Amino acid sequence: GWSGGYPEIVKENELFERYYRELGIVPAGEWGAFMAALREPLPATLRITGYKSHAREVLHCLKSKYFRELRELRVDGQEVEVPQALSWYPEELAWHTNLSRKILRKSPELEKFHQFLVSETECGNISRQEAVSMIPPLLLNVSPHHKILDMCAAPGSKTAQLIEMLHADMNVPFPKGFVIANDVDNKRCYLLVHQAKRLNSPCIMVVNHDASSIPNLQIDIDGKKEVLFYDRILCDVPCSGDGTMRKNIDVWKKWTTQNSLQLHGLQLRIATRGVEQLAEGGRMVYSTCSLNPIENEAVIAALLDKSQGALELADVSSELPGLKRMPGITKWKVMLKDGQWFEEWKDVPPNRQTQIRPTMFPIKEEEKLKSMNLERCLRILPHHQNTGGFFVAVLIKKSPMPWNKRQPKINQKLPQRAEDTVETAANLDEGTENITEEPALADSEESKEMQNLPKSDTEQSKIEGVCGPPPSKKMKLFGFKEDPFVFLPEDDPLFLPIQKFYALDPSFPKMNLLTRTQEGKKRQLYMVSKELRNVLLNNSERMKVINTGIKVWSRNSDGEQFGCAFRLAQEGIYTLYPFIHARIINVCIEDVKILLTQENPFLSKFSSETQKKVKDMAMGSIVLKYDPDPEKPDSLQCPIVLCGWQGKTSLRAFVPKNERFHYLRMMGVEVFKAKRKEEESEGKTEEEAEGKQAQPEEGMDVEDKKDDSVTKMEAETGEESSNTPVESSAMEVESKTVDLDEFSRNANNHVSQESKN
């Protein structure tokens, strides 16, 4: 039938059932439950970001309010199950419910909960991620000092987890580690940037390369160039995706064994390139959302075989207690899409030997097979914990790969400072191998030639701290042309007024500031960690960088008259705050509510303490800090840092819309953005609808009506308005309604000017 214009997809595939029955990956007696689970829609899962200091507040808000409201609720005749914490995820930070995505989006009863999820997701406080997808980052055992490579990172939910782990201690603004997130698809790289940007980290870089030939990067260690080896690598390779049938139902009709046969070679090449770049003692997690041993155990066995003992599978059976898993298998067969089986490579006829490769078959030597410990791999089956299907293997690198060789030991310069000693020793421990494959040789020869040549434009750019797009024609890749990354010179006159205005600490790492323009006015200042600066400066020719750094300051055309042309940006305030010693106003919770619910409140609206602090302060950009009161456990128990602007007679916050909503929710203020109805109900005229919209709602803020006064005041003070419009919303504050329509219109009026800037 053609219901809704599209034929219903039948969840049957005879070849799929025949293949997996024969391989025996499902325990005896569980086949019916396995197939039944695959035919059911995937439950919605969400993860609360663990590195932000207010993760506990988000969790408390979810449990005490939204989950409570779901009890005894029925949607389409189905009783809504109250979300349950995933038993194996640490600290109750991941939850699942029987609500499908479709029901969440379409049901009026769940609109509040859905809006909460959307808004908090955009803020970066919640990630709507499939449960099994959360496993690989957890098994990487990341520490804040680790250098991490995510080889096939888009769309970025696992990358976000890795960034969170780097920032486990929120008191450290610049962890020593970093994440380099790579994807081969240029367009998907921008999706990756969007995901990473939500977390506001100075330790993430998005690059665009083919993972199977991702270049060796160099870093400067104590004045010497060395190859960068990663402590942790996530290798979540492209796969046939038959573990995602519950979510992507078109897999049912498209599935054949041909998909896995075509992907096996690419998966092995990517995994091989990964272990080449792994430091000795480092850990690499290989994962797929496929159940097929050709994409899983066959790849791992081939990798272990050619590593000749350099790699071993880690035993992770004691990690993630509560996670039900099946061990890896040691025997399997290869099947063509026409149903023909092959047990050994020698059985494959010559005309099939391009489709089927020797590495797809199990190892025949019993001793070698036993030493590989393939049972240490883990396969997640959908019916065990109501999830998708997944495969994970954790590899440890014990020594250099046999096709690599050790570099001769170099006499290191003696470090002058104690911290240098620690850093150098750590880098030496990571190994000094040099890959001797052709690309690496070409790189080294090229670098030697460049050292011997007179200083070219490229070399001059390096000296000036410019990391531009690759200069040579052969390196011009597809996709958009990226702006260069230009580090601020040490003597840049731009920085002195900023340093003075905000009384920046002498320890502030100003060398890590960069812009995206070589000529003209610098409009935005971004910041990266010291380690990523090292990577950027030493690899501009061999690496296509899509994005890095967080925005910390924005040029404000009227700011110069107040002593500083740059105002603080909310995205980077948690990174900057530890270094700022001036322009800080401590505010109480009531003041925060005023700042977040009113567009441009007069100073008279704030507490007397705040008014006193502001009185002697010059106009311009400020920091608004809220510290929780431990004696009031019912109030918000996490610190808040907001960017603001002090005018002659007013005080305002420069905070993105969804972040405003987030803080208000945490303070117990309900924010519910009603969906705009696409069509008015029958019988209502357009004029009637407009007339209704024009009527002021009860409880509207009197100050918001004084539009002329506000405009005049802005003209006097030269304040720059928020670049984050708040959409038409209805907000319930202690059961009273505060209308934000006026707030929305005021903010929208200023967007165009900000966009031009």
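The values are calculated or read from the model by the stated rules, or taken from the named source; none is laboratory data. Computed from a prediction, not measured in an experiment: that's the story for all the values here. When we count neighbours, we look across all protein chains shown, and the Cβ atoms used for this are built from the backbone with ideal geometry, even at glycine. What goes into the accessible areas is simple: the full protein's heavy atoms, side chains included, and nothing from ligands, DNA or RNA. Shrake-Rupley method; radii C 1.70, N 1.55, O 1.52, S 1.80 Å.
Worth pointing out:
- Residue match in region 349-361 (condition: in contact with a His (Cβ under 8 Å, 6 or more places away or on another chain) and closer than 25 Å to Leu149 by Cβ): yes
- Where Pro173 falls short, out of the listed (1) touching a Pro at 6+ places or on another chain (Cβ under 8 Å); (2) open to solvent by 30 Å² or more (accessible area, probe 1.4 Å); (3) not hydrophobic (A, V, I, L, M, F, W, C): (2)
- Applying a threshold of 6 Å to beta carbon distances and a minimum spacing of six or more residues, or different chains, the list of pairs starting in region 598-622 at a residue that is of a type in the set (Ser, Thr, Tyr) and ending at one that is in a helix (DSSP H, G or I) reads Ser607/Asp591; Thr610/Asp591.
- Checked against the criterion of being without any contact (Cβ under 8 Å) to a residue 40 or more places away in the chain and not basic (Lys, Arg), region 213-234 contains not a single residue that satisfies it.
- Screening Leu320, Leu291, Leu313, Leu378 for residues that are at positive phi and within 28 Å of the chain's Cα centre (by Cα) leaves exactly one candidate, Leu320.
- Looking across region 79-98, the residues that are assigned to a loop (DSSP other than H, G, I, E, B) and under 22 Å from Gly322 (Cβ atoms) come down to Glu81, Val82, Pro83, Leu86, Ser87, Trp88, Tyr89, Leu93, Asn98.
- Subset of region 335-358 (residues that are open to solvent by less than 50 Å² (accessible area, probe 1.4 Å) and closer than 15 Å to Ala302 by Cα): Ile356
- Sole exception among (1) touching a His at 6+ places or on another chain (Cβ under 7 Å); (2) surrounded by 22 or more Cβ atoms within 10 Å (Cβ to Cβ) for Met205, by number: (1)
- Taken over region 98-110, residues that are open to solvent by less than 60 Å² (accessible area, probe 1.4 Å) and modelled with pLDDT under 75 amount to 1.
- Taking the criterion of being touching a strand residue (DSSP E or B) at 6+ places or on another chain (Cβ under 7 Å) and assigned to a loop (DSSP other than H, G, I, E, B), the residues of region 143-155 that qualify are His146, Met151, Cys152, Ala153.
- Total residues in region 186-210, condition part of a helix (DSSP H, G or I) and either in contact with a strand residue (DSSP E or B) (Cβ under 6 Å, 6 or more places away or on another chain) or among the basic types (Lys, Arg) (or both): 7
Conditions (1) modelled with pLDDT under 95; (2) in contact with a strand residue (DSSP E or B) (Cβ under 9 Å, 6 or more places away or on another chain), marked per residue:
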| residue | (1), (2) |
| --- | --- |
| Met326 | no, yes |
| Asp338 | yes, no |
| Val348 | yes, yes |
| Thr354 | yes, no |
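- Boolean, Asn216 is in a loop (DSSP other than H, G, I, E, B), open to solvent by 10 Å² or more (accessible area, probe 1.4 Å) and under 19 Å from Leu536 (Cβ atoms): yes
- Close pairs (7 angstrom Cβ cut-off, 6 or more residues apart or separate chains): more than 17 Å from Ile135 (Cα to Cα) and β-branched (Val, Ile, Thr) in region 81-100, open to solvent by less than 30 Å² (accessible area, probe 1.4 Å) and part of a strand (DSSP E or B) anywhere: Thr97/Ala44
- Residues of region 168-183 that turn out to be touching a Cys at 6+ places or on another chain (Cβ under 8 Å) and farther than 19 Å from Cys152 by Cβ, as a count: 3
- Conditions (1) closer than 24 Å to Arg376 by Cβ; (2) among the aliphatic types (A, V, I, L, M); (3) open to solvent by less than 10 Å² (accessible area, probe 1.4 Å); (4) touching a residue at least 60 places away in the same chain (Cβ under 8 Å); number of the one not met by Leu268: (3)
- Qualifying residue in region 229-237 (condition: of a type in the set (Ser, Thr, Tyr) and surrounded by fewer than 21 Cβ atoms within 10 Å (Cβ to Cβ)): no
- For region 38-59, a residue qualifies if it is over 27 Å from the mean Cα position of the chain (by Cα) and assigned to a loop (DSSP other than H, G, I, E, B), and exactly one does: Glu40.
- Identity of the residue in region 60-97, small (Gly, Ala, Ser) and more than 23 Å from the chain's Cα centre (by Cα), that ends up most open to solvent (accessible area, probe 1.4 Å): Ser87
- Applying the condition of being among the polar types (S, T, N, Q) and assigned to a loop (DSSP other than H, G, I, E, B) to region 550-566 and asking which residue is surrounded by the most Cβ atoms within 10 Å (Cβ to Cβ) yields Asn556.
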